[in-house]
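Heads up, the thing below is written out as structure tokens.
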Amino acid sequence: MKGKKSLQNSITLAGLIVTVGIVFGDIGTSPLYVMKAITGVNPSYDADYILGAVSCVIWTLTLQTTLKYVLLALRADNKGEGGILALFALLRRLPRKWPCIVAAIGAAALIADGMITPAVTVTSAIEGIRIVAPGVKVIPIVVAVIILIFAMQRAGTGMIGRFFGPFMMLWFLSLGVLGCFAMLHFPGVLRAFNPWYAVRLMFSSPEWFLILGAVFLCTTGAEALYSDLGHCGRRNITVSWLFVKVMLILNYLGQGAWLIANEGKPLDGVNPFYAIIPHSLTIVGVIMATLAAVIASQALLSGSFTIFSEAVNLDFWPKLKIKYPSDEKGQLYIPSVNWGLLAGCLVTVLLFRDSSHMEAAYGLAITVTMLMTTLLLTLWMRTRGVSKALCILFCVFFLFLEGLFFTANLFKFTHGGWYTMLAAGAVAAVMIIWNKATAVRSQYVDLKPLADNSRLISAVKADGEIPKYASNLIYLNRSSHPGMIESKVLYSIINKNPKRADHYWFVHIESDDAPDTLEYKVDVIVPEAIYVVSMRLGFRVPAKVSVYFRQIVEDLVAAGKLDLRSGYPSLRAEGIAGDFRFVMLHRVFSPSTNCRGREAFLLRTHALLRRMSLSDQDAYGLDTSVVVRETVPLIINTAAPRRIRPADTVETTGSDGMPGESTGSACVGKGK
């Protein structure tokens, strides 16, 4: 933790190098395909077209990346952490409901972007080999590299991470140097700094929307930049961005100068990025581009793991199995997410087969994330006391700018944009349904005052006729109030096979809006009998409940507030500690439920989604050898059910076969 704070709060050469390696991988590979996509819109371009396009790139990087994300969004940190879900965590206590839906849509779109980014960056890099070996089969190499990227995730990225920074510094320096030499083809390309060329292109070109869709690719890594705030800190990202931005712009200027110098010549699929590399260094350029693509993919995968981890803790996603390959903070690995994204990437490669076609699917999803971030940032600014006028100005300006990009990318929908939007829509639907259904389930949890039942629980403890169930009996309690307890828990202890124990523990786990919170509080309801434990875990802290509970018990024993010795005389005499047993209540949606249609749909869908969820004992890190699972019905009745009543009459059949009536059973045997 100390090292992390040091990295965030101080600007050092080492910190800047690490930041360049971690944060800018995605945006740093955009020169591989941006100018290629721009010339793909208009292969018969002229100098004004290229000047206008490069000007659009420069001012998009300035307004969208620098102004919105580097100067504004990085200030919206949640205890040093960034990203759309960290931003939502700052706002979720507000009475408004729409931030929840906005955050889910934005996070889902970012996941979809993480699925296609490795495909498009690796394919763009590998395609450069065709310059020296035109007949080479690119797709098998791309598939092999992508599989390697995903396969190495299970081992963590600690060792690779040390290589990221120095290599990406070399990569960006190479981009800048190549751009400077390429500008010698047409020094007049520097006029692209004048925004008038961008404005003129937008008003004079009938394909302005297609041009904007291609230009937008230069800033697709901006959202990932915000998500990586917690790894490096705002000051390191801000300073290193100055270097990165200069190198990127130099390379775009160099590609533009080469294109203008070769105006009128057929490109024949030539990528301007590789065209400005000396022919003798093409293989070196392909290798470096491939490594840069691997690093960009790695950064997005790490970000995807973080998003899903946060989504689980913020009740946006079913519980997932999360592994921690190393002790380094932020290093986590989610197998199901990893292989799911791998499948998506491979489908992308095999479906589109060419980076030019992939570019049509790229960009649409991330514009959605940016629009959602703008809405949440506006609300965050308002909660921080920023004037309403400034908030409206910020919101209107960026919604207009990003709305233009979104509209431009919509024209890609039938050419591949549908693919990422379909993936984003599926993820967003799961997030929203899970979140709403979880809220409904929590709303109908039946709570009872613990004080009213503590005497009965103590009586069960003292009743020698009841077989001892465990020395220490632990329940996970959904009530955040230490004085309340779920009625289902009381039913399990008292009614359903009464359970005698020496100590009863009721543990409540609360997800905190801060990312790294790890603290507890113990309320002693009845000394040496009933304890209520409240754990507060940050949304990025792994839920290792067994470990934390053991630490809490050790603290209580050390403070003299708990006698942990077994209640059995023979074991107590030897100072042997009592055993522990967790009871997990599995609440199953009951057919007896009588609630509104919307709530019934949410709960039934929740029950289906729960099948892909990790079990509670695995999700909470409980030792399965001491966990008992009990199934209890979840019955929600929002309307009074019909009651069955005694029959006053019994229907009979007459001699003509038609129904008739007879007196009730009370009259049977009396005759007429």
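The values are calculated or read from the model by the stated rules, or taken from the named source; none is laboratory data. Just so you know, these numbers come straight off a predicted model, no measurement behind them. We place every Cβ from the backbone using ideal geometry, glycine too, and count neighbours over all the protein chains shown. The protein model used for the area step is the full one, side chains on, heavy atoms only, and it has no ligands, DNA or RNA in it. Shrake-Rupley method; radii C 1.70, N 1.55, O 1.52, S 1.80 Å.
Taken one residue at a time, the phi angles of segment 406-423 give Karplus couplings (6.51, -1.76, 1.60, θ = phi - 60°) of 5, 4, 4, 6, 4, 5, 8, 4, 6, 9, x, x, 4, 5, 6, 5, 5, 5 Hz. Gly and Pro are set to x.
The calculated pair-distance distribution of the chain uses every alpha carbon pair, bins of 10 angstrom beginning at 0, and gives 3, 14, 22, 20, 15, 10, 8, 5, 3, 1, 0, 0 percent. Each peptide in 602-610, 215-223, 557-565 was scored by the mean count of other Cβ atoms within 10 Å over its residues; highest first, the order is 215-223, 602-610, 557-565.
Can you list the aspartates and glutamates whose alpha carbon sits under 17 Å from that of LYS79, skipping same-chain ones fewer than 8 residues off? Cross-link targets: ASP228, GLU310, ASP512, ASP513, ASP516, GLU519.
In summary, the convex hull built on the alpha carbon positions of segment 423-471 has an orientation-averaged projected area of 6.3 nm². Could you please state how large a percent of the accessible area of the chain is carbon and sulfur, counting protein chains only and using a 1.4 Å probe? Carbon with sulfur: 62 percent of the solvent-accessible area. The calculated FRET efficiency for VAL557 paired with SER336, based on their beta-carbon distance and R0 = 45 Å, is about 0.70. Set the Cα radius of gyration of segment 95-180 against 2.2 N^0.38 Å, with N its number of residues, and you get 1.52.
Descending by average beta-carbon neighbour count within 10 Å, the peptides 535-544, 112-121 line up as 112-121, 535-544, the highest first. Extents of segment 463-593, largest first, come to 46, 44, 23 Å (Cα atoms, principal axes, whole angstrom). Rounded to the nearest 500, the 222 nm mean residue ellipticity of the chain from helices alone is -17000 deg cm²/dmol, with -39,500 (n - 2.57) taken per DSSP H run of at least 4 residues.
Each peptide in 145-151, 201-207 gets a packing score, the mean of other Cβ atoms within 10 Å over its residues, and the list from highest to lowest is 145-151, 201-207. Relative to the globular-protein estimate of 2.2 N^0.38 Å, the Cα radius of gyration of segment 434-501 stands at 1.26.
Normalised by residue number, the volume inside the convex hull of the Cα atoms of segment 193-351 is 204 Å³ per residue. Computed over segment 388-521, the alpha-carbon pair-distance distribution with 10 angstrom bins reads 9, 23, 20, 17, 12, 10, 8, 1, each value a whole percent.
For segment 168-223, the orientation-averaged shadow of the C-alpha convex hull comes to 5.4 nm² (one quarter of the hull surface). Each residue of segment 522-606 gets 182 Å³ once the volume of the Cα convex hull is shared out per residue.
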